[in-house]
Amino acid sequence: MSSSASHIILACAGGIAGAIEAVLVQPLELIKVRFQLNHGHNGSIISCAREILAEESAGGGTTMKVSRLFRGLLPELCGMFPTRSVMYSSNEMAKRLLLGNNRNGKQEKMNEETTSIIALLEHSLG
């Protein structure tokens, strides 16, 4: 596999991982924001989730819809995909650059100094 293809695959893998993270965390993020905005008026996490599910829709219906827990997901995905793509691929590229290959063509194991440098590069780029 060529180096450029490898970088593209790494970036896509990071973006997909970020998108999955956003989808899984979005309901909890929405509940957290409700707790922050309605300070003192909240019962439990479960009651807050039930309130969100039971809110009236634009058409006036009060049926419970799980999709209400995912409000605001699209902007989150638009930011998460590129951020995670850069973070994941820069981490892998820095690791490959710093470690290199040994005489057998296999990557060497990381020591603590190399791990620290990779983490510093990752956070400065991402």
Next item on the list: Calculate, in nm to one decimal, what Ser116 and Glu55 gain on full extension: separation in residues at 0.36 nm each, minus their alpha carbon distance.
Entry: 17.2 nm
Check: For the pair Thr83 and Cys12, how long in nm is the line joining their label points, each one 7 Å along Cα→Cβ?
Finding: 2.4
Note to self: Per 0.36 nm of contour for each residue apart, how much would the distance between Val25 and Asn38 grow if the chain were fully extended, relative to their Cα-Cα spacing?
What the structure shows: 2.7 nm
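Please report, as a whole percent, how much of the solvent-accessible surface of the stretch 4-43 comes from carbon and sulfur atoms (probe radius 1.4 Å). Kindly include the intermediate steps, with their values, before the conclusion.
Working: 1750 of 2470 Å².
With neighbouring chains kept in place, the figure for the stretch 4-43 is 71 percent.
The values are calculated or read from the model by the stated rules, or taken from the named source; none is laboratory data. Being a predicted model, the structure only gives us computed values, none of them experimental. Reconstructed Cβ throughout: ideal geometry from the backbone, glycine too, with neighbour counts over all protein chains shown. Protein only, heavy atoms only, side chains kept; ligands, DNA and RNA dropped before computing areas. Shrake-Rupley method; radii C 1.70, N 1.55, O 1.52, S 1.80 Å.
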